[in-house]
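Peer 1: Got a structure here, written out as structure tokens. Questions coming.
The values are calculated or read from the model by the stated rules, or taken from the named source; none is laboratory data. Predicted model, so just to flag it, every value in this text is computed and none were measured. Cβ placement follows ideal geometry from the backbone for every residue including glycine, while neighbour counts extend to all protein chains displayed. Accessible surface is based on the protein model in full, side chains and every heavy atom, while ligands, DNA and RNA are left aside. Shrake-Rupley method; radii C 1.70, N 1.55, O 1.52, S 1.80 Å.
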Amino acid sequence: MCDLSTQRCTIIGDIISEGLSANHDIIFPRKIGHPGHEEFAIGALTEKGDIFWNDYALQHHLTDLPQVKAIIMEEKEEAIRRSRVYRGNRPPLSDLSKYEWVILVDDGLATGATMKVAIQTCKKLKAERIIVAVPCASPRTVKEVEKLVDSVICLYQPSDFSAVGLCYERFDQTTDEEVINIMKKHEKAAQRSSSSTSPLSSPSSSSPLSSSSSAASSPRSKSKSSSSSSSSSSTIESHSIEIPFESGVIKGDLNIPQPVEECYGLVVFAHGSGSSRLSSRNRYVANELNKGGLATFLVDLLTSKEAQIDDITRELRFNIPFLSNRLVQSTDWILNNFNGIEQLVDKIGYFGASTGSAAGILAGMSLNLKSDDKRSKGRAKAIVSRGGRPDLVPDEKLKNLDIPTLVIVGGDDTQVIPLNETAFRKMEQLQPDDGHTNKRVKKLQIVPGATHLFEEAGTLEQVAKLAKEWFQRFLPAADDS
């Protein structure tokens, strides 16, 4: 029984190994990131020195680049370091030929790079038969991995898979201490079994997990959270909001990490054309921001009556001035009518997708104008655009934009990239980000391999990480007025 070296994987591996009375151990794979785009994996390695390269790395001849070789050295050192920390006095993983089956466990498969290199390592250590067991995965990746091992058991393969975290209602991290304790617990069992037959060995050649392969259960899909739920470092307090307008009410979901005094700020989401606050992609990003100490407000910008009309006419989804005004009104309402977030009023961020990015830019500028005139409590400090249309913002507005802005575009979103590049150049009040200045900067981040909706495995996770770091950096910054 081997799991990969993320903390969640160790918990899963512990449960399975106890259920099968099997030995338990860990392999330590590390992703090899693209130079300059570290979150985009071009391969993976393990502490044993095995390396897997994906098609992108091979097609673009990246494997021998000096920058990539430096990354390999760094990641291998980190894999070895983790092995020493987690294993303690336990000897290194070695000959696996004494086991009839080796079961490799992960918390899910996106691109599968780390699993593929772990398979290489197991084969190098003479594993005779290998099973891969995961709760969820990309169907495409499952097919790829099936060609490398004897069996793959995956309980949940959504056709629209985009990130492992989206398959879970809770995706909390486990502490290093818990992992070390699990390793210690299994160390004595490993010592006892070292001179005897493996618990997984039997005269039968059937898979030790064959009775479980048709299980109907699956990781819980993300759903509306309860009034409070634990995150990796705090409790998330959740509230359903209804904001009244003449044409009806709009609904929103407000999530606040506790204690609120430690929040970096409040991020308001502007969804794209034809979408809503229930967008699975925006909810995934919001969940990651919550885990990073950022409050989030996902809000519908149309009342139910307006949405019904827009479904037929499509007249509102591209009405950027209308949407940005609704976004400012919603921000003002939540700041004026919801108690307990007073510390966040001057730490507002906007996250916009598709046409919502244009609405978010205009909303941030309008909010700050109202703040200057003492007509609003709010102050926008940062903007993030995901696969957005900032080109829909009037040129004069773009030229006067002075809020730190991160523009994220998919590397394969060929139609939208030039639109974003043109809009980016027009942001004349903002300087290119040097990674140090915390005022009036802009950054255009291309995510390799991603298309417009960031549906490709692992790409939405990169968006969430980039957005989280941007908001954490700029929302607490002192005002530049």
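Peer 1: Considering the stretch 405-416 alone, what residues qualify as being surrounded by 17 or more Cβ atoms within 10 Å (Cβ to Cβ) and more than 21 Å from residue 380 (Cα to Cα)?
Peer 2: The first filter runs over the stretch 405-416 and keeps only residues surrounded by 17 or more Cβ atoms within 10 Å (Cβ to Cβ), leaving 405-411, 413, 416.
Within the stretch 405-416, 409, 410, 411, 413, 416 meet the criteria.
Peer 1: If we scan the stretch 377-394, do we find a residue that is modelled with pLDDT under 90 and surrounded by 15 or more Cβ atoms within 10 Å (Cβ to Cβ)?
Peer 2: Within the stretch 377-394 (the criterion being modelled with pLDDT under 90 and surrounded by 15 or more Cβ atoms within 10 Å (Cβ to Cβ)), the answer is yes, since at least one residue qualifies.
Peer 1: Evaluate the following for residue 472: is it over 30 Å from residue 164 (Cα atoms), among the polar types (S, T, N, Q) and either open to solvent by less than 70 Å² (accessible area, probe 1.4 Å) or touching a strand residue (DSSP E or B) at 6+ places or on another chain (Cβ under 6 Å) (or both)?
Peer 2: no
Peer 1: With respect to residue 108, determine if the residue is more than 29 Å from residue 154 (Cα to Cα) and in contact (Cβ under 8 Å) with a residue 40 or more places away in the chain.
Peer 2: no
Peer 1: Scan the stretch 87-101 and tell me whether some residue there is within 20 Å of residue 145 (Cβ to Cβ), open to solvent by 30 Å² or more (accessible area, probe 1.4 Å) and touching a helix residue (DSSP H, G or I) at 6+ places or on another chain (Cβ under 6 Å).
Peer 2: For the stretch 87-101, residues within 20 Å of residue 145 (Cβ to Cβ), open to solvent by 30 Å² or more (accessible area, probe 1.4 Å) and touching a helix residue (DSSP H, G or I) at 6+ places or on another chain (Cβ under 6 Å): absent.
Peer 1: Among what's in the stretch 436-469 and is of a type in the set (Ser, Thr, Tyr) and over 15 Å from residue 403 (Cβ atoms), pick the residue that is surrounded by the fewest Cβ atoms within 10 Å (Cβ to Cβ). It would help to see each step written out before you state the result.
Peer 2: We begin by selecting, within the stretch 436-469, every residue of a type in the set (Ser, Thr, Tyr); these are 437, 451, 459.
Next, only the ones that are over 15 Å from residue 403 (Cβ atoms) stay: 451, 459.
Values: 451: 16, 459: 25.
So the residue we want is 451.
Peer 1: So, restricting to strands (runs of 3 or more DSSP E) that lie completely within the stretch 225-334, which ones have at least 3 residues that are modelled with pLDDT of 90 or more?
Peer 2: In the stretch 225-334, the matching strands (runs of 3 or more DSSP E) lie at 235-245, 248-258, 266-270, 295-299.
Peer 1: Pull out all pairs, ordered by first then second residue, where Cβ-Cβ is under 8 Å, the residues are six or more apart or on different chains, the first lies in the stretch 296-319 and is closer than 16 Å to residue 250 by Cβ, and the second is open to solvent by 90 Å² or more (accessible area, probe 1.4 Å) and not aliphatic (A, V, I, L, M).
Peer 2: Taking only residues 6 or more apart or on different chains, the pairs are 299/251; 300/251; 309/315.
Peer 1: Here's a follow-up. When both residues are 6+ apart or on different chains and their Cβ atoms are under 6 Å apart, which pairs have a first residue that lies in the stretch 419-436 and is closer than 18 Å to residue 473 by Cβ, and a second that is surrounded by 13 or more Cβ atoms within 10 Å (Cβ to Cβ) and modelled with pLDDT of 95 or more?
Peer 2: Hits for this filter: 427/398; 427/401; 427/442; 430/441; 430/442; 431/441; 433/441; 433/443.
Peer 1: Tell me whether the stretch 147-156 contains one or more residues that are open to solvent by 10 Å² or more (accessible area, probe 1.4 Å), modelled with pLDDT of 90 or more and either in contact with an Asp or Glu (Cβ under 8 Å, 6 or more places away or on another chain) or among the acidic types (Asp, Glu) (or both).
Peer 2: Yes, the stretch 147-156 contains at least one residue that is open to solvent by 10 Å² or more (accessible area, probe 1.4 Å), modelled with pLDDT of 90 or more and either in contact with an Asp or Glu (Cβ under 8 Å, 6 or more places away or on another chain) or among the acidic types (Asp, Glu) (or both).
Peer 1: What is the number of the single condition among (1) farther than 17 Å from residue 25 by Cα; (2) open to solvent by 20 Å² or more (accessible area, probe 1.4 Å) that residue 120 does not meet?
Peer 2: It fails just one condition, (1).
Peer 1: Being touching a helix residue (DSSP H, G or I) at 6+ places or on another chain (Cβ under 6 Å), at pLDDT 85 or above and either open to solvent by 50 Å² or more (accessible area, probe 1.4 Å) or not charged (D, E, K, R) (or both) narrows it down to one residue among 80, 71, 51, 42; which is it? Talk me through it step by step, then tell me what you get.
Peer 2: Details: 80 fails: touching a helix residue (DSSP H, G or I) at 6+ places or on another chain (Cβ under 6 Å); 71 fails: touching a helix residue (DSSP H, G or I) at 6+ places or on another chain (Cβ under 6 Å); 51 fails: touching a helix residue (DSSP H, G or I) at 6+ places or on another chain (Cβ under 6 Å).
Only one candidate passes the filter, namely 42.
Peer 1: I've got another one for you. Might you check whether a residue that is open to solvent by 40 Å² or more (accessible area, probe 1.4 Å) and part of a helix (DSSP H, G or I) occurs anywhere in the stretch 423-435?
Peer 2: yes
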